[in-house]
Amino acid sequence: ECMQKAYGYTPVLYYTNGYEIHVIDGLYPDRQLVAFHSLEELELLIPGNEAMEEKAEKLLKSGVRNVLVTLGGDGCYLRTPEESRFFPAAHVNPVDMTGGADAFISTLALYLSEGAELVKAIGFATYSAGICIAGQGVQPVLPQRGALDVYKDQVEKNFKTKISNGGE
């Protein structure tokens, strides 16, 4: 209900068998759709020599509202109808990469469900992934909410909403 109030739409559920991503939204029959992937998944979904940005644009034109591609240690890439933008990864000394992507997506989902702007949610997700990979083992280092709130000022400063045209 909070997503409906804040954004005017009901949340959408994604599920995957590892090769295809499907969506359930309660409005239409379940169907294949993509919005959040790793670079490797994007390559599987749209094979060919086009650049990642061009593949993201194809997804956007197919009806996906926002395309977010995770790039591991290089951060992530966001393509929306309003902007095309790279976000750097958190600067940490990685110890164990296990769970970094899980920390990213779960934190992104949490902050979006609470009404945060997409860019701010990406900022907190970036710090969450960084905290996670800076320690050994997922369970002990997966950040709690309080550990992320410490980065609020940095997120406000470094993850400002910026509207650009195309690949600027």
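The values are calculated or read from the model by the stated rules, or taken from the named source; none is laboratory data. Because the structure is a prediction, the values reported are computed rather than measured. Backbone-built Cβ (ideal geometry, glycine too); neighbour counts: all protein chains shown. Ligands, DNA and RNA are stripped out before the accessible areas are found, and what is left, the full protein with its side chains, is counted by its heavy atoms. Shrake-Rupley method; radii C 1.70, N 1.55, O 1.52, S 1.80 Å.
Over the range 74-163, the fraction of Cα-Cα pairs per 10 Å bin, rounded to whole percents and listed from the shortest bin up, is 18, 53, 25, 4. Per-residue surface analysis assigns LEU148 an accessible area of about 10 Å², computed on protein heavy atoms at 1.4 Å probe radius. The residues MET52, MET97, sorted by heavy-atom accessible surface at 1.4 Å with ligands and nucleic acids left out, run MET97, MET52 from largest to smallest. If I take R0 = 35 Å and measure r between the Cβ atoms of GLN136 and LYS61 in this structure, what FRET efficiency does the formula 1/(1 + (r/R0)^6) give, to the nearest 0.05? The computed FRET efficiency comes out at 0.25. Peptides 86-96, 112-122 ranked from most to least packed, by the mean per-residue count of other Cβ atoms within 10 Å: 112-122, 86-96.
Accessible area per residue (1.4 Å probe, heavy atoms of protein chains only) ranks SER128, SER62 as SER62, SER128, with the largest value leading. Would you tell me the accessible area of LYS152, worked out with a 1.4 angstrom probe on the heavy atoms of the protein chains, in Å² to the nearest 10? My reading of the accessible area for LYS152 is about 110 Å². With 27 Å as the limit, write out which pairs from LYS55/LYS157; LYS61/LYS160; LYS5/LYS58 have Cα-Cα distances beyond it, or answer none. Pairs exceeding the cut-off: LYS55/LYS157; LYS5/LYS58.
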